[in-house]
1. I'd like to know which of VAL141, SER3, VAL521 lies farthest towards the positive end of the charge dipole of the chain, counting +1 on Cβ of Lys and Arg and -1 on Cβ of Asp and Glu.
2. Residues with amide H under 5 Å of TRP517's amide H, sequence separation 5 or more or different chain, H placed in the peptide plane at 1.01 Å from N; which?
3. Quick check on the chain: of the DSSP beta bridges with both residues there, what percent are antiparallel, nearest 5%?
4. Compute the length gained on full extension between HIS148 and LEU189: take 0.36 nm times their separation in residues and subtract their Cα-Cα distance, giving the result in nm to one decimal.
5. Tell me which GluC sites (Glu not before Pro) from the range 55-155 have a DSSP coil assignment and no more than 12 other beta carbons within 10 Å of their own.
6. Once the dipole of the range 3-128 is set up with Lys and Arg at +1 and Asp and Glu at -1 on Cβ about the Cα centre, which of GLN43, LEU91, TYR123 lies farthest towards its positive end?
7. Can you compute the FRET efficiency between ARG518 and ILE335 using 1/(1 + (r/R0)^6), with r the Cβ-Cβ distance and R0 = 22 Å? Round to the nearest 0.05.
8. At 7 Å along the Cα-to-beta-carbon direction for both GLU124 and LEU60, put a label point, then send me their distance in nm to one decimal.
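The values are calculated or read from the model by the stated rules, or taken from the named source; none is laboratory data. Bear in mind the structure is a predicted one, so any value in this text is a computation, not a measurement. With ideal geometry, Cβ positions are generated from the backbone for all residues, glycine too; neighbour counts draw on all protein chains shown. Accessible surface areas use protein heavy atoms only, side chains included; no ligands, DNA or RNA. Shrake-Rupley method; radii C 1.70, N 1.55, O 1.52, S 1.80 Å.
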Amino acid sequence: MRSVPPNATFSVIRRFAKDAHKTAEEFGRALDRFGREPGEPWQAAADGFREKLAGLGRELAGVKGKNSLPAAARREFAARVQALAGDLAGLRSMLRCAVLDACPQEEIKRPADGAAERIWKDYEKITAGTSDRVLRLDAVVRLARRSHDPAAAFTLVCPLLTERLDTPGLFYIVPALGTLVQHIPLPRLGGLTLMESIAKDFREQTLSGAATDGLFTRFLEGMLSEDPARRKEARKELDRVRTASTDERCGRGSQGGISNSREILGVWTGVKAALSHPDPVRRRAALCALPVLQFSFITREFPGECAEFIARGLWDEDGTVRYKTLRFASDLALIGRVHEPETLALLEKTAEGLLPKAEGKRPQTAASARKLLKTIAGIRKYDRERAAAPAPRAAGPEAGGRELSFTIPIRRPFETVFQFKITLLGTEPPVWRRIQVPGSYTFYDLHVALQNAMGWTDSHLHAFETAGARRVRIESPYAAEDIYEEINDFTTEAALAKYLQREGDAAVYEYDFGDGWRHEVTLEKILPKAPGITYPVCLDGRLACPPEDCGGPGGYADCLKLAAGKRPNEEEEENRRLKTWLGDWRPEEFDPGAVVFEDPRTRFLETMEDAEL
């Protein structure tokens with residue numbers, strides 16, 4: 001158990017007391033939710049636990065509003081809270097075992113569902129090395145089945161991270177425990193698991209009413225807008241509603257409502273309908289919702305519709321639509337198979353069904369179907385290798401698997417400056433910029449500076465690839481959850497000087513894998529820092545940045561033709577729509593003095609906050 005450090009300040013002692021009180025209060029609430037049954041012997045100890053908790057609460061109330069205490073009073077206060085915290089920790093440890101011993105002994109029946117069975121087996125492997133009997137699979141199952149609120153079993157079972165660091169594999173056990181509790185068949189739910197019961201109620205409520213299309217209409221209007229701020233806000237609103245819908249599906253919605261889920265269902269309906277629209281720009285805009293829908297209930301509840309949608313999207317004549325659909329299918333294969341093993345087989349059947357129809361008629365569709373089959377094969381190989389690997393036993397460098405974390409950007413001191421020329425490949429005449437950045441920059445810092453200098457809105461994933469004999473792929477941290485193969489490096493972790501060391505060294509910066517914008521980034525000069533200059537700085541450049549989501553170099557060429565008074569499309573209606581979408585975009589305008597560089601740290605924190613799922 002943690003203790004108050006010798007000669008601790010008043011603020012440290014009070015923080016210790018608050019932390020101990022919060023932990024004990026959470027455990028006390030879990031006991032209340034677990035519920036009491038007549039004759040169970042642990043209840044007297046629980047009453048004693050409540051008395052000690054109230055005593056610690058009174059100690060905190062007695063120092064409320066105070067900023068300090070005299071030395072003697074401070075030592076007495078520390079001794080009292082240390083004693084109460086110790087008593088609470090001892091009672092909590094005893095109660096975990098006492099509550100378990102009071103649970104009925106019964107034969108443990110393994111779940112019939114394949115995904116749930118794997119969760120049970122994974123938990124058994126992870127906890128095989130622990131001596132804590134309350135953490136064993138049979139103990140967790142007994143506690144969850146006896147509990148009035150099954151979720152309370154998690155708090156009762158879970159060892160405190162701050163007090164049980166000696167528990168082998170602890171940092172793997174905690175998330176596995178939460179997942180296990182959700183997949184235990186419960187008598188109070190008629191034999192359904194917690195997730196099955198919530199999903200059943202959610203499905204019945206969601207499908208009992210009509211889907212609403214207001215959110216989809218706003219999203220589509222936002223994505224078709226020439227205003228980057230509107231496009232960004234449209235994505236944010238969709239993600240906010242998706243998050244609220246997830247809460248509804250997990251039983252955390254306000255007053256049991258499912259209005260957000262009906263909005264998401266309306267977006268899915270709109271996206272499916274958009275594939276039939278004749279305007280490829282509208283289809284592309286609608287499919288920008290797919291990355292958000294990927295993490296909604298849609299992929300869990302409507303796998304058949306998703307497979308049908310993927311078949312239609314891969315058959316589309318527009319390359320960007322096919323790419324966005326392929327990305328959706330690949331993500332669904334990667335993520336969906338965790339909960340629904342049949343997902344891979346369903347997607348494999350979809351891709352195989354496209355091949356004979358597409359060969360010779362739609363070579364692009366056939367190529368996309370083969371890519372999807374290759375992705376599925378890679379995922380299956382990864383799963384086979386992972387299943388054969390030993391279960392992790394400790395959260396250290398020697399542990400199985402790999403846990404990713406990212407460094408938040410900071411301002412680092414620097415004495416040298418890197419001067420880059422950035423050229424947007426596939427544009428004629430070329431769109432280019434010349435910038436100078438601190439030599440201490442990481443590739444993520446350069447990514448932010450490049451976005452600002454070019455005029456992009458950072459609305460898509462990015463990656464760098466170094467040139468030379470040994471090509472290194474440096475991925476965006478936002479893509480980490482979508483990647484299952486080994487990564488060379490991440491942009492937040494890789495310093496520029498690690499890969500770009502001499503004048504003339506180069507890399508390719510790829511942005512928006514759907515539109516496929518590739519930038520040649522050449523290190524022109526390595527210079528000493530100039531006094532009085534705030535870096536980064538844009539020195540020169542030519543031509544405006546292409547509009548976001550315009551369809552890559554091909555779509556940009558159409559935009560240039562229209563801006564020059566030409567007709568890129570045979571249909572005049574399509575030309576009018578494109579002109580309206582472009583608004584006042586002027587391809588020849590660029591002012592290096594008007595470039596405003598953002599703080600990479602602020603950009604990173606805002607983007608990661610927006611990405612929280």
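1. So the residue we want is SER3.
2. Close amide H contacts, sequence-distant or interchain: TYR511.
3. Beta bridges within the chain, antiparallel portion: roughly 95 percent.
4. 13.7 nm
5. GLU106, GLU107
6. LEU91
7. The value I calculate is 0.20.
8. 4.1
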